[in-house]
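> Take this structure, written in structure tokens, and hold onto it; I'll ask about it next.
The values are calculated or read from the model by the stated rules, or taken from the named source; none is laboratory data. From a predicted model like this one, the values you see are computed outputs, not experimental measurements. Don't worry about glycine lacking a Cβ; one is built from the backbone with ideal geometry, like all the others, and counts go over all protein chains shown.
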Amino acid sequence: MLSVLIAGPMLAALAVLLVREPRQVRALALLLSALMLAWVGVILGRFDVAQAGMQMSEFWPWLPNLGLNYRLGCDGLSVSLLALNALMTWVVIYSTPIDVERPRLYYSLILLVSGGLAGAFTAQNILLFVLFYELELIPVYFLIGIWGGARREYAALKFLIYTAISGLLILVGCLALGWLSGSPNFDYPTVQATVNRLGVGFQVTLLLVWLLGFGIKTPLVPLHTWLPDAYVEAAPPVAILLGGILAKLGTYGLVRFGLQLFPLAWAQLSPALALWGTVGVLFGALAAIAQKDIKRMVAYSSIGHMGYVMLGCAVGTPLALVGAIAQMVSHGIILAILFHLVGVIERKVGTRELDVLNGLMNPLRGLPTISSLLVLGGMASAGIPGMAGFVAEFLVFQGSYPIFPVLTLLCVLGTGLTAVYFVILLNRTCFGKLDSRTAYYPRVFFAEKAPALVLAGLIVFLGLQPMWLVKWSETTAQALAVTELAQAPWTQGHFAGLPSVHSPLQP
Amino acid sequence: MTATLEPRATLPPSRHEFAAVVHRLEAGGAMLPDTPENLMQIVGIWYAYAVPMDFYWRDLLYIGEQVFLHPLPFFKYFISQEYLERHNHYAGDDADWRIWRGEATAHPALLKFMRQGETRPLPRLLHHLWHDRINMEFAEACMRAMLWHRGMGGQFDPYLDSEEYKHNADRAIRAYFQGNPLMLGLYRLFPDLFLEQCRQASYYANLGLFWEVMAPVFFEIHDRYLEGTIATVKDAVNFLVNGIFAIAGRPIYHHVYIRGECYEVIPKSRGFMWLYEAALPYVEAVFYRTSPFRGTKSYNAQAQMVPDQQKDFHYGVLYADKFPVGTAGIPPTLLAQDMLHFLPDYLVDYYRQHCRGEDDMLNQLAVSFQRSMYCVTSAVFQALRAALLYPLDDPNPRHLMANRRFFEAQLDRFCRREYGMRDAARLRDIQSPDYR
């Protein structure tokens with residue numbers, strides 16, 4: 001079942017290359033991405049939320065001499081991100097302007113990235129994961145470099161260099177782990193069984209290597225400097241791809257290969273990781289406040305929100321992990337709607353400058369629906385109750401407060417700062433007086449609103465029915481929880497009293 | 001009286017910021033460029049304006065003469081049949097001063113809309129509550145602008161403070177509240193309050209009498225445009241100027257009818273004339289001044305965004321932003337909504353071809369209205385020039401220079417930088433056909 005999610009998009013990438021008519025290329029890409037989305041629906045239907053281990057496993061010995069096997073499987077973490085990946089792929093294709101240049105190559109690359117991501121999220125062989133991880137590097141480089149903004153080449157090259165270093169670090173960590181632990185192959189269960197042969201010092205070192213590698217991808221401060229350029233210069237659909245799902249590859253790697261594989265080392269580094277996440281939250285929010293470009297503002301907001309994921313992972317309790325996984329999904333959806341709306345505004349108004357935009361809520365000559373959805377997206381990002389963002393952040397905070405109360409409170413302050421920059425953005429962009437001398441903006445067609453309407457519906461639905469957001473990962477989070485944290489000095493006397501993963505949301 | 005003569009080339013070119021407009025005015029034209037597209041817009045919008053105006057003037061007179069000081073005037077927009085059928089004094093076969101060719105009774109398009117509205121035939125109360133009706137609130141806003149600014153020249157306004165007026169008003173107030181000890185007691189306690197309400201009723205009458213003239217003017221211009229006898233913007237301005245002079249001396253008065261008896265609060269015998277006591281104050285109050293509109297745009301008086309003197313207010317239609325939300329000027333949404341119901345087909349087709357078509361037709365027609373009001377203001381300039389200064393073809397260069405100084409002084413009102421007036425004025429914008 002899972003192979004369909006990998007092979008499907010890759011075959012689709014080939015199929016669209018064979019179609020000549022641009023409109024048919026788009027239609028085919030849209031159809032195939034919709035089919036993938038439907039297939040994820042089937043997988044979700046068959047997924048047993050009560051089972052902690054890998055499900056729907058597939059195995060095929062590929063290069064046994066290298067320890068490389070085609071081993072797939074999914075748990076609550078994977079299946080959540082698979083669903084996000086399929087949804088984002090559809091949104092990216094749908095939100096791409098009809099007149100995009102070189103459509104065959106464009107849609108082909110999008111589908112290739114989608115297939116690679118599905119492979120990375122399901123790979124149960126670390127070397128296979130690295131292959132899929134590297135697979136998305138070149139397509140995304142082209143997506144930024146060909147269809148990006150004025151400084152696209154610079155941004156694409158910067159992305160390429162950073163991500164290549166990230167991939168190299170992950171490959172080094174992978175090979176070192178395999179060779180040092182004496183594991184006969186790179187299959188995840190085998191490596192997991194042999195990792196304890198390594199001393200804590202080795203484990204911490206390997207974890208640090210992967211933290212750097214995945215930290216670049218996520219990205220975490222101060223490894224983030226590629227992000228503003230890449231997100232801003234990329235076309236809005238590609239920015240959705242980058243922030244909505246590709247960044248989750250980093251956080252997925254942190255959980256799967258950091259927290260799950262090295263629980264002892266993770267417990268040792270936990271306070272530093274929580275501090276790292278908190279710094280990211282505050283830095284992202286403060287940097288966003290200082291921006292004058294709304295797309296750059298959204299890009300910096302992404303850095304801040306990844307900090308919440310880091311905080312939840314650092315804590316490692318079941319509840320915090322559920323929150324962190326929920327934050328990955330909700331952040332993907334919220335960032336997608338924000339980038340899509342910013343893209344529509346830029347296309348219609350011709351600028352992203354905060355000092356130029358004004359009064360877009362005007363019912364006749366403005367972009368009232370887009371503005372309303374932007375308000376909703378901003379509220380969701382700021383963690384307003386009733387929306388998906390609140391559920392994720394609330395769970396992270398509830399999980400982390402008993403262990404790291406000060407850092408948690410600083411992160412709560414970060415949500416306040418998020419509200420500050422979104423109020424600035426919304427106040428200047430949507431409200432105020434539209435300049436009648438320049439406001440001859442073209443109308444927004446329903447097709448341009450549709451992706452945002454779908455995402456907005458999802459944000460509200462998951463905010464009101466949070467079980468649909470968290471139920472997939474509860475059991476997995478219970479299994480992933482870092483029990484070694486119970487012995488850590490900073491959790492003494494607190495760990496036993498932590499809220500259960502089931503306490504806040506179970507009916 | 002005519003303003004169609006070509007200017008003699010005896011003066012050097014104007015150095016005014018709006019020199020092209022000055023030259024156009026010196027040639028008998030308007031501030032609006034003379035193009036067929038502009039003509040179509042202004043004539044079409046005047047028709048759409050005239051239909052609701054045919055209701056405005058009737059209801060304004062109804063309120064001023066019949067509702068008067070009713071303490072709870074819930075039904076003041078429910079005009080009586082008598083006033084709906086009231087014959088215009090300047091149009092129709094039985095007009096006592098027939099100048100225009102139109103019908104005396106309410107326009108058929110208005111009557112149809114009053115029956116049907118945008119929805120379907122319903123009891124009048126439901127149409128009213130659903131706001132599917134003529135927006136009299138707009139007319140009242142114009143009236144209040146005139147009342148609030150006051151002191152804009154003429155004799156009508158000072159008369160409202162005279163002892164004679166107070167005496168007449170006192171008679172009317174006492175008669176109106178006869179047998180109502182509560183209201184009479186309140187009147188005894190707060191006489192100025194009632195007097196001020198009476199002044200407001202007088203301005204209802206003033207504006208009603210003004211628009212009674214303007215409605216048939218606009219109808220006839222539209223008819224003549226369709227016939228082809230008005231073929232340029234200059235023709236339209238000339239028609240207005242001629243109309244102004246034909247009607248200038250008609251009386252402005254305020255009669256109140258209480259239990260069948262007429263109380264002359266402002267008698268016709270005072271000799272207040274239409275041009276000086278209604279038309280000019282109206283243009284000053286509504287076209288130029290009005291007041292900072294209570295929309296989403298906020299004005300900070302402490303930051304000098306609101307002028308110290310009312311004469312410097314610049315929130316009228318000549319400065320107003322076309323956007324119905326967060327804008328300055330007369331409540332434009334209500335008027336635009338009224339005009340939308342009566343747009344001629346050719347104008348609807350025109351709007352469909354530009355900007356967002358039907359989606360922002362309210363904006364587009366508001367801009368057309370602004371263009372047309374610059375034309376009306378041009379006609380006022382020409383009329384004042386003709387009344388106070390010299391003919392456009394005067395052979396004396398000094399006279400021509402005096403005319404130029406007059407035009408330039410008028411245009412200076414759109415150039416002043418204080419309080420952002422220069423930026424707010426739309427004269428610059430209407431020179432371009434792309435301003436929509």
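> Whether any residue in the stretch B:93-113 is part of a loop (DSSP other than H, G, I, E, B) and touching a Ser or Thr at 6+ places or on another chain (Cβ under 6 Å) is what I want to check.
no
> Can you give me the ranges of the helices (runs of 4 or more DSSP H) entirely in the stretch A:120-198 with at least 3 residues that are touching a strand residue (DSSP E or B) at 6+ places or on another chain (Cβ under 8 Å)?
Here the list reads A:126-135.
> How many residues are of a type in the set (A, V, I, L, M, F, W, C) and at pLDDT below 95 if we restrict to the stretch B:343-368?
Residues meeting the conditions: 6.
> Give me the pairs: first residue in the stretch B:354-368 and within 7 Å of chain A (Cβ to nearest Cβ), second residue of a type in the set (Gly, Ala, Ser) and surrounded by fewer than 18 Cβ atoms within 10 Å (Cβ to Cβ), beta-carbon distance under 6 Å, and six or more apart or on different chains, which are they?
From the stretch B:354-368, no pairs qualify.
> For the subset of the stretch B:244-258 comprising residues that are at pLDDT 95 or above and assigned to a loop (DSSP other than H, G, I, E, B), which member is farthest from the chain's Cα centre (by Cα)?
Selected residue: B:253.
> Next up: As an exercise: evaluate residue B:178 against (1) assigned to a helix (DSSP H, G or I); (2) over 14 Å from residue B:277 (Cβ atoms) and give the number of the one condition it does not meet.
Condition (1) is where residue B:178 drops out.
> Let me spell it out: the conditions are (1) within 14 Å of chain A (Cβ to nearest Cβ); (2) more than 19 Å from residue B:284 (Cβ to Cβ), and residue B:342 meets all of them except one. Which number is the exception?
The one condition residue B:342 does not meet is (1).
Yes or no, residue by residue, for (1) under 27 Å from residue B:310 (Cβ atoms); (2) more than 14 Å from chain A (Cβ to nearest Cβ); (3) more than 23 Å from the chain's Cα centre (by Cα):
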| position | (1), (2), (3) |
| --- | --- |
| B:376 | yes, yes, no |
| B:421 | yes, yes, no |
| B:432 | no, no, yes |
| B:436 | no, no, no |
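> Conditions: (1) farther than 30 Å from residue A:312 by Cβ; (2) over 24 Å from the mean Cα position of the chain (by Cα). Residue A:406 meets all but one. Number of the miss?
Among (1) farther than 30 Å from residue A:312 by Cβ; (2) over 24 Å from the mean Cα position of the chain (by Cα), residue A:406 violates only (1).
> Keeping to the stretch A:210-232, report how many residues are in a helix (DSSP H, G or I) and closer than 14 Å to residue A:162 by Cβ.
The number of residues fulfilling the criteria is 12.
> Being surrounded by fewer than 19 Cβ atoms within 10 Å (Cβ to Cβ) and part of a helix (DSSP H, G or I) is true for just one of A:373, A:395, A:409. Which residue is that?
Exactly one of A:373, A:395, A:409 is surrounded by fewer than 19 Cβ atoms within 10 Å (Cβ to Cβ) and part of a helix (DSSP H, G or I), namely A:409.
> If residue B:425 passes every condition in (1) of a type in the set (Gly, Ala, Ser); (2) closer than 28 Å to residue B:53 by Cβ; (3) more than 13 Å from chain A (Cβ to nearest Cβ) but one, which one does it miss?
(3)
> Have a look at B:353, B:364, B:370 and point out the one that is exposed (fewer than 14 other Cβ atoms within 10 Å of the Cβ) and under 30 Å from residue B:109 (Cα atoms).
None of the other options fit; the residue is B:353.
> Mind checking which residues of the stretch B:355-382 are outside any helix (DSSP H, G or I) and charged (D, E, K, R)?
B:356
> Turning to a different aspect of this structure: Out of the residues in the stretch A:428-471 that are more than 18 Å from residue A:337 (Cβ to Cβ), more than 10 Å from chain B (Cβ to nearest Cβ) and among the aliphatic types (A, V, I, L, M), state the one that is surrounded by the most Cβ atoms within 10 Å (Cβ to Cβ).
A:470
> Filter the stretch A:1-12 down to residues that are within 22 Å of the chain's Cα centre (by Cα) and among the hydrophobic types (A, V, I, L, M, F, W, C) and give me whichever is farthest from residue A:112 (Cα to Cα).
It comes out as A:2.
> Output the number of residues of the stretch B:383-399 satisfying the condition of being assigned to a helix (DSSP H, G or I) and surrounded by fewer than 21 Cβ atoms within 10 Å (Cβ to Cβ).
7
> Inspect all residues belonging to the stretch B:93-106 and state whether any of them is farther than 25 Å from residue B:333 by Cβ, among the aliphatic types (A, V, I, L, M) and either in contact with a Pro (Cβ under 7 Å, 6 or more places away or on another chain) or modelled with pLDDT of 95 or more (or both).
no
> Another question about this same structure. What's the number of the only condition in (1) in contact with a Ser or Thr (Cβ under 6 Å, 6 or more places away or on another chain); (2) surrounded by 15 or more Cβ atoms within 10 Å (Cβ to Cβ) that residue A:197 fails to meet?
Of (1) in contact with a Ser or Thr (Cβ under 6 Å, 6 or more places away or on another chain); (2) surrounded by 15 or more Cβ atoms within 10 Å (Cβ to Cβ), only one is false for residue A:197: (2).
> I've got another one for you. Between a residue in the stretch A:301-326 that is within 16 Å of residue A:410 (Cβ to Cβ) and any residue that is part of a helix (DSSP H, G or I) and basic (Lys, Arg), which pairs come within a Cβ distance under 9 Å, given they are 6 or more apart or on different chains?
That search, which allows pairs on different chains as well, returns A:309/A:248.
> Follow-up. Exactly one condition in (1) out of contact with any Gly (no Cβ under 7 Å at 6 or more places or on another chain); (2) in the same structural domain as residue A:156 (by TED's automatic domain parsing) is not met by residue A:296; state its number.
For residue A:296, the failing item is (2).
> Here's a follow-up. Within the stretch B:13-28, is even one residue part of a loop (DSSP other than H, G, I, E, B), free of Cβ contacts under 8 Å to residues at least 40 places away in the same chain and either under 21 Å from the mean Cα position of the chain (by Cα) or more than 17 Å from residue B:221 (Cα to Cα) (or both)?
Within the stretch B:13-28, one or more residues are part of a loop (DSSP other than H, G, I, E, B), free of Cβ contacts under 8 Å to residues at least 40 places away in the same chain and either under 21 Å from the mean Cα position of the chain (by Cα) or more than 17 Å from residue B:221 (Cα to Cα) (or both).
> Another question, then. Checking residue B:218 against (1) modelled with pLDDT of 95 or more; (2) within 14 Å of another protein chain (Cβ to nearest Cβ), only one condition comes out false. Which one?
All conditions are met except number (2).
> Find the residue count for the stretch B:47-81, including only residues that are farther than 15 Å from residue B:128 by Cβ and among the basic types (Lys, Arg).
Summing the residues that are farther than 15 Å from residue B:128 by Cβ and among the basic types (Lys, Arg) in the stretch B:47-81 gives 1.
> Continuing with this model, one more query. Looking only at the stretch B:274-302, how many residues end up being at pLDDT below 80 and of a type in the set (A, V, I, L, M)?
Matching residues across the stretch B:274-302 total 1.
> Would you check if there is a residue in the stretch A:9-24 being basic (Lys, Arg) and either touching a Phe, Trp or Tyr at 6+ places or on another chain (Cβ under 8 Å) or closer than 17 Å to residue A:472 by Cα (or both)?
no
> Mind listing whichever residues of the stretch A:350-369 are within 14 Å of chain B (Cβ to nearest Cβ) and of a type outside the set (D, E, K, R)?
Within the stretch A:350-369, A:358, A:359, A:360, A:361, A:362, A:363, A:364, A:366, A:367, A:368, A:369 qualify.
> From (1) surrounded by fewer than 24 Cβ atoms within 10 Å (Cβ to Cβ); (2) under 19 Å from the mean Cα position of the chain (by Cα), pick out the condition that doesn't hold for residue A:324.
(1)
> Got a sec? Which helices (runs of 4 or more DSSP H) wholly within the stretch A:1-111 have at least 2 residues that are surrounded by fewer than 19 Cβ atoms within 10 Å (Cβ to Cβ)?
Per the criteria, A:2-18, A:22-46.
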